[in-house]
Amino acid sequence: MSEVVKYINLDDTNLVSVFGANDSLLNLIESAFESTIFVRGNQIVITGDEKEVNVLDSIFKELVYMLKKNGVLNDSDVKTVIQLTTLNKSNLETFSFKNDDNVIYKGFKNQIRTKTKTQAEYFHKVKNNDVVFSIGPAGTGKTFLAVAMALRELKLNEVKRIVLTRPAVEAGESLGFLPGDLQEKIDPYLRPLTDALQYMLSPEKYKIMKERNIIEINPLAYMRGRTLNNAFVILDEAQNSTETQMKMFLTRLGIGSKAIITGDTTQIDLPRNKKSGLVSAQRILKKIDGIEFVYFSEHDVVRHRLVAEIIKAYDKDLTEK
């Protein structure tokens, strides 16, 4: 791809009106594309792939036209112009990165991409549905990609915050005998979620987002009685939620919210007299429009090559018993 530079002069236009207070509208545009956008005086300088630069040129010209016509711009105007311009003038997917369908989020260290066909299906279903169940073995990217998709929605201003939760079910260890206060006791259960976030965000950004409650991480028991509006909610290790807890979690969703529920039905740590909420949800919710299920297998494992072989060996042992 050839890189080009384009200059857009806005001599008779109020830049604050175009870019928004604290550059909020400009940030919205920048988050949707990979091209670099600089402002020098009353001139916009765009550097990047030629096709994308041309799309951005069209976007800014359309926004200036709308501003002159209506006297004001808001984030809804910007999102609409991006969508219409990209659909009409290129093959770019709305709010895509680098014109590459498998890029989910540009993280602090690198880009987060889908690596298997099922992961791509996962990404597609989350973009087009409010509730998605992601079910399969360890190492398939269920949790990691869920966090990336949540950050993507947050970056695009589709949600205002991210809420991550897990049931604090003991797998061979007693919570009561672990050292420390309550927070220190539950931290190990939430570590996979914090690990994913800290991989994708700079330490400073992660700290600020936590302090401002833009990112919230809590055990599942803390969800009771709440209504979560404009939030991207992830329930991880959902096989260890009871049927009552699963219903409680799903009914927390408010206006403008999305949810991903991840789990592995072969790794249930509940007592024998408790039924898994994830298992029953597959039967109860499978015909509801707007709720989708994605099923991973050992073919989607993206960890060490032996992980897939280990999963296959255990599955074979179960079928032979």
Residue 13 versus (1) modelled with pLDDT under 85; (2) open to solvent by less than 10 Å² (accessible area, probe 1.4 Å): which is the lone unmet condition?
(2)
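Rundown of residues vs (1) touching a residue at least 40 places away in the same chain (Cβ under 8 Å); (2) in a helix (DSSP H, G or I), yes/no style:
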site: 8; (1), (2): yes, no
site: 16; (1), (2): no, yes
site: 29; (1), (2): yes, yes
site: 34; (1), (2): yes, no
site: 38; (1), (2): no, no
site: 47; (1), (2): yes, no
Test for residue 105: is it open to solvent by 30 Å² or more (accessible area, probe 1.4 Å), of a type in the set (Ser, Thr, Tyr), modelled with pLDDT of 65 or more and on the phi < 0 side of the Ramachandran plot:
no
Considering only the stretch 21-49, how many residues are of a type outside the set (Gly, Ala, Ser), surrounded by fewer than 18 Cβ atoms within 10 Å (Cβ to Cβ), within 19 Å of residue 11 (Cα to Cα) and over 26 Å from the mean Cα position of the chain (by Cα)?
6
Hits in the stretch 133-148 (condition: touching a strand residue (DSSP E or B) at 6+ places or on another chain (Cβ under 6 Å), touching a residue at least 60 places away in the same chain (Cβ under 8 Å) and assigned to a helix (DSSP H, G or I))
142, 143, 146
Quick check on the stretch 118-144: of everything there that is over 25 Å from residue 255 (Cβ atoms) and polar (S, T, N, Q), which residue is surrounded by the fewest Cβ atoms within 10 Å (Cβ to Cβ)?
118
The lone condition residue 53 fails out of (1) at pLDDT 85 or above; (2) open to solvent by 10 Å² or more (accessible area, probe 1.4 Å) is (2)
Only one residue in 147, 169 is touching a helix residue (DSSP H, G or I) at 6+ places or on another chain (Cβ under 8 Å), modelled with pLDDT under 85 and surrounded by 13 or more Cβ atoms within 10 Å (Cβ to Cβ). Which one?
169
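The values are calculated or read from the model by the stated rules, or taken from the named source; none is laboratory data. The structure presented is a predicted model; accordingly, all values stated were derived computationally and were not measured. Neighbour counts are summed over all protein chains in view; Cβ atoms, including those assigned to glycine, are modelled from backbone coordinates with ideal geometry. To get the accessible areas, we keep the full protein, side chains included, count just its heavy atoms, and leave off ligands, DNA and RNA. Shrake-Rupley method; radii C 1.70, N 1.55, O 1.52, S 1.80 Å.
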